[in-house]
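The values are calculated or read from the model by the stated rules, or taken from the named source; none is laboratory data. Only a predicted model underlies this, so the values are computations on that prediction, with no experimental measurement involved. Note that we place each Cβ from the backbone using ideal geometry, even for glycine, and neighbour counts take in every protein chain shown.
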Amino acid sequence: MNVVAASGGVFLASVAATLVTTLALFVAPPSRRERPGTGRVLTLLLSSLLLASGPVALVLLGARTGPAAVAALALTAATVAWLPLTRRWSWRGHAAWSASTTMAASYLAFMLGYSLAPGRGAVGTAAGLVLWALELVTFVLGAAFLWEVVDVAARTDWPRRSPRGHTGTPSRHPFVSLHVPAHNEPPDMVIETLTSLLRLDYPDYEVVMVDDNTQDPALWHPVRDFCDAHGIRFVHLEDWPGYKSGALNYVLRHATDPRAEVIGVVDADYIVDRDYLQRCATLFAQREDLGFVQTPQNYRQWKHSSYFRRLFFSYEYFFAVSQSSRNEVDGAIFGGTMGLIRRSALESVGGWDEWCITEDAEVSLKMLRAGWTGQHVERPYGHGVMPLTFEALKRQRFRWCFGGMQILKAHWRSLMPWDRSPDNHMTLAQRWAYLSGALQWFSDLLGLSFAALLLVSAADLALGGGLVLRRVGGVLLVLPPLLLVLGVGRALAALRLRSTAGWRDAVGALGLWLALGLTVAMASVRGLIQPEGVFLRTPKTREQPSLQDAVRANKVETLAGLLLLVTAAASVRHLTLAAGVVALLLVWHAVGLLAAPGNSLAAMRADLSPQMRRRRGTEGQRERVGVRVRTAPVVAGLGALAAAAVVGVAVAGPADAPGRTPGDVLGQLRRGPAAAAHRPMPTTRPRPLATPTPTMTAPGTSVSPAASGGTAPVPRPAPVTTTAAPAPHPTSASPTTAPTPAPTTPSPTNRPTSTPTQAGPHPTGKPTTTHTAPAHP
């Protein structure tokens, strides 16, 4: 038995073991009260029993005992190798991780063997290696999503967990300065936020209100008058540069009480619980190395609307899954609103960076690099307002992803394991948390690329060619949809496990992640090539919208989704298994794209209070507009690359020898390589339909997450060339996603477009300020 056949047997066995161990993990996940660990020997024994399902399945499929024995040996080696890193997990989580990683590694080895087989020619080998490298990237992204999911589902020991913050008697109360930035916010909502801050149960704090470049006096004058009447320090900035981070830097340097040890950021739409500072600010008195504390960003008025329910739980994934997992390795991010940060630590890293449009996540990376620590507190202490239109949500997600790309470009060297700079104090686990969070944003771009490849392949099938997909048959042909279901199921199960979401809510959150896929893909491309921050511009919709308005506001997603559906229908005119699989995957991508206009219409028809309806009508006024973003060239470029890849794989290199196709893996395991070589087989070069490891993001990474003020990646189903993924906050994360995992919005126009206009004239940097006495001197 050669190496390629052996790796194929390990792959098939690990697929079966992955299905069994995933079911075992989520059917009865461990309780947090469960004693940590079951002993290494017992963990190995119990996980080996679960993993034995793989070789047993191989035998039941008719494979010879030799390949089954090799598969058993490989799975056993994996469970031993991973034991040091999974010592805080239940044995079921250890088994699930071992099976999944073995599946990925054996698949990559299997396909690398075919790509390097002799007789393919230089062009054919090069094309195969390029596709293999893309599969490797998707597996790395998949591992990042999978680790978070298994970590929160299987962890039995949480040494860094902080459910509610400080619960004892504090040794002292550090002075806190709460900064409330606002731009074109409704004055009644801002006053509601300030009123809640005046009622905090804490002895030593001040509130500083900063109005950032609001031009309409009717919006900021009532807020100024309220501050004057209640002893709140008020600052109004006109033509001041730097957007939100510029305003926060001005307040930090010119309007903050010298006694302040801790700085808090609260978005202007949040209502804050009275015990927020008592529970969270006192943590800084207990730990001198604590740089920042982040609480979950929570929202109001979402329970009675199906659209806002699924939006709420799409945000929930990041803090419930991604942030909780990262916190255990001190890799949590600072998400902006409802976070506290040590003043001396913030000043030591230069304050808020004004070049980055997700300045909150970026500053937490710099603080960890400098040796400070962070702390995620699980309980939310405030409730804000989510984006009230789907178009505002797209602008927010674009901003998160673009900021994640900015962070990656600026700090990638610090996140590499070989960086030994004396000023870099990040552990390997912290580096991986931030690196994977940033990389998870690419999951949507990979998914879009795979959809383009499927589109070209389906067109080839519809024309009767089948140059690509006729090379793949047997077991590999049915694996993509099977593994897609597995990856999606893991993300949904993790969300249900860590939140109050039901299956309907979880599926709705998945639909939102998919609907945002094109937006995130465009942001990841623009973030890599654009030196300055940009914002996505979307068309304005009417107060009583129609389906036509929703389609107009999401025309690119609508046209792309319809194209995929038409192509799927055309591809199945030849009733073959390959055509059916391609059509199924095309429909999956089409449904995700067409969910965009559907969610747009649902958001505008949602029943809201009068205050929320007024805010919804001004959503576009709170976003700053940067340079123009054009989606069409990027989509066309991806399509051209997909077509080139298809043609290259189809025609490059000589044909394979009989019996050397991936689709005949099971046949080789049953008959042996010698027998398989005498069986007539297709004479064209095999390539996999897709990467067989669906994993769930981010969002970073597409996950997913904060609503307006933070920067959290939202999770998305990560496209392992067969999937799309979840992602929560970019550094998302996320999804992120994505678990990717936070922003303002550009001014809408009546002309439908999905690109922003050029920024306005350069600011003069001359603020006008009004100072009153602090709330609590």
Requiring at least 2 residues that are of a type outside the set (Asp, Glu) and within 16 Å of MET209 (Cα to Cα), the helices (runs of 4 or more DSSP H) wholly within segment 223-292 are 243-254
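When you look at LEU482, is it modelled with pLDDT under 85 and assigned to a helix (DSSP H, G or I), yes or no?
yes
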Checking LEU594, LEU601, LEU575 in turn, the sole residue that is in the same structural domain as SER449 (by TED's automatic domain parsing), part of a helix (DSSP H, G or I) and more than 22 Å from the chain's Cα centre (by Cα) turns out to be LEU601
Only one of (1) under 23 Å from ILE333 (Cβ atoms); (2) crowded, with 24+ Cβ neighbours inside 10 Å does not apply to HIS383, and that is (2)
Reported set for segment 495-510 where residues are more than 14 Å from the chain's Cα centre (by Cα) and assigned to a helix (DSSP H, G or I) is ARG496, LEU497, ARG498, TRP503, ARG504, ASP505, ALA506, VAL507, GLY508
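Looking only at residues that are charged (D, E, K, R) and in contact with a Lys or Arg (Cβ under 9 Å, 6 or more places away or on another chain) in segment 313-342, which one is surrounded by the fewest Cβ atoms within 10 Å (Cβ to Cβ)?
Ranking the qualifying residues of segment 313-342, first place goes to ASP330.
For segment 255-264, does any single residue satisfy the condition of being under 29 Å from the mean Cα position of the chain (by Cα), assigned by TED's automatic domain parsing to the domain that holds TYR381 and buried (at least 19 other Cβ atoms within 10 Å of the Cβ)?
yes
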>> Looking for something within 25 Å of ARG616 (Cα to Cα), at pLDDT 95 or above, among the acidic types (Asp, Glu) and out of contact with any Lys or Arg (no Cβ under 9 Å at 6 or more places or on another chain) - is there at least one such residue anywhere in segment 283-293?
In response: no
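Any idea which of LEU461, LEU388 is of a type outside the set (Phe, Trp, Tyr), at pLDDT below 95 and in a loop (DSSP other than H, G, I, E, B)?
Numbers: LEU461 fails: in a loop (DSSP other than H, G, I, E, B).
Result: LEU388 is the single residue among LEU461, LEU388 that is of a type outside the set (Phe, Trp, Tyr), at pLDDT below 95 and in a loop (DSSP other than H, G, I, E, B).
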With the first residue restricted to segment 156-170 and required to be farther than 15 Å from SER324 by Cβ, and the second required to be at pLDDT below 95 and not in a loop (DSSP other than H, G, I, E, B), Cβ contacts under 9 Å at 6 or more apart or on different chains are HIS166/GLN286; GLY168/GLN286; PRO170/GLN286
When you scan segment 118-134, do you find a residue that is buried (at least 19 other Cβ atoms within 10 Å of the Cβ) and of a type in the set (S, T, N, Q), even just one? no
Flagged in segment 391-432 as basic (Lys, Arg) and outside any loop (DSSP other than H, G, I, E, B), in numbering order, are LYS394, ARG395, ARG397, ARG399, LYS409, ARG413, ARG431
When ILE357 is run through (1) of a type in the set (A, V, I, L, M); (2) in a loop (DSSP other than H, G, I, E, B); (3) modelled with pLDDT of 95 or more; (4) surrounded by 23 or more Cβ atoms within 10 Å (Cβ to Cβ), the failure sits at (3)
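Conditions tested, residue by residue: (1) in the same structural domain as ALA596 (by TED's automatic domain parsing); (2) crowded, with 24+ Cβ neighbours inside 10 Å; (3) within 21 Å of GLY142 (Cβ to Cβ).
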position	(1), (2), (3)
ALA493	yes, no, yes
THR500	yes, no, no
GLY517	yes, yes, yes
PRO531	yes, no, no
The residue that is farthest from PRO387 (Cα to Cα), considering only those in segment 301-319 that are in a loop (DSSP other than H, G, I, E, B) and among the polar types (S, T, N, Q), is SER305
(message) Taking the criterion of being surrounded by fewer than 24 Cβ atoms within 10 Å (Cβ to Cβ), modelled with pLDDT of 95 or more, basic (Lys, Arg) and within 21 Å of the chain's Cα centre (by Cα), would at least one residue in segment 411-434 satisfy it?
(response) yes
The residue that is farthest from ALA491 (Cα to Cα), considering only those in segment 284-314 that are aromatic (Phe, Trp, Tyr) and touching a strand residue (DSSP E or B) at 6+ places or on another chain (Cβ under 9 Å), is PHE284
